[in-house]
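Data block below; observations after.
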Amino acid sequence: MRHLLIALVVLILDRITKLLVINNIVLDDAVSIIPGFFRLTHLENPGAAFSLFAESPSPFKTALLVAISVAALAVVGLLLWMRRNAFNATTVALSLILGGALGNLWDRLSDGKVTDFLDFYVGLHHWPPFNLADSAIVVGALLLMIQMLRKDRHAPAQG
């Protein structure tokens, strides 16, 4: 139950922040928050995370991205179901990924694209804009990687 609550909170926060951006920032415009470092912007990303494949002319791009999202959600859901009685870093990570994937899938199904608005840059160096759902997915993936590295480091030596 806690896993679903985490995913639901991520989904709700993602929806709220995207709606605030859509309703308050004109498409392709930006509001400087920390000059030279961070701004809120309103972009529509037809591609994958961090605008990967955004320029692809394929008519199947959205369908493929939806199919990949659904497959990922099925895997994450299964992993959470298998660990439904556990509450640890791994299940929290999976819950964050689940909530983030649902947030971006919602956009893709309703609009064919995802709203991005968090925009970090330093001089000419610019990180591709992203959103709260992307952040939850990345944090979840990093938590999973840390868990895997910790388990590898503490694994008994094979001899």
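Can you work out the FRET efficiency for the pair residue 26 and residue 125, with r the C-beta to C-beta distance and R0 = 22 Å, to the nearest 0.05?
Details: r = 25 Å, r/R0 = 1.15.
In this case the efficiency is close to 0.30.
Which order do the peptides 107-115, 90-98, 16-24 take when ranked by the mean count of other beta-carbon atoms within 10 Å per residue, highest first?
90-98, 107-115, 16-24
With runs of 4+ DSSP H residues as the only contributors, calculate the mean residue ellipticity of the chain at 222 nm using -39,500 (n - 2.57) per run, divided by the residue total and rounded to the nearest 500. Don't skip to the answer; put the middle values down first.
Details: 4 runs with 91 residues, N = 159.
That calculation yields -20000 deg cm²/dmol at 222 nm.
Output needed for the chain: three equivalent-ellipsoid semi-axes, defined as square roots of 5 times the C-alpha gyration tensor eigenvalues, in descending order, whole Å.
After scaling each eigenvalue by five and taking roots: 30, 19, 16 Å.
Of 22, 79, 121, which is farthest along the charge dipole of the chain in the positive direction, counting Lys and Arg as +1 and Asp and Glu as -1 at C-beta?
79
Each value in this text was obtained by applying a stated rule to the coordinates, not by laboratory testing. Everything quoted here is computed from the prediction, not taken from an experiment. Cβ: placed from backbone, ideal geometry, glycine included. Neighbour counts: every protein chain shown.
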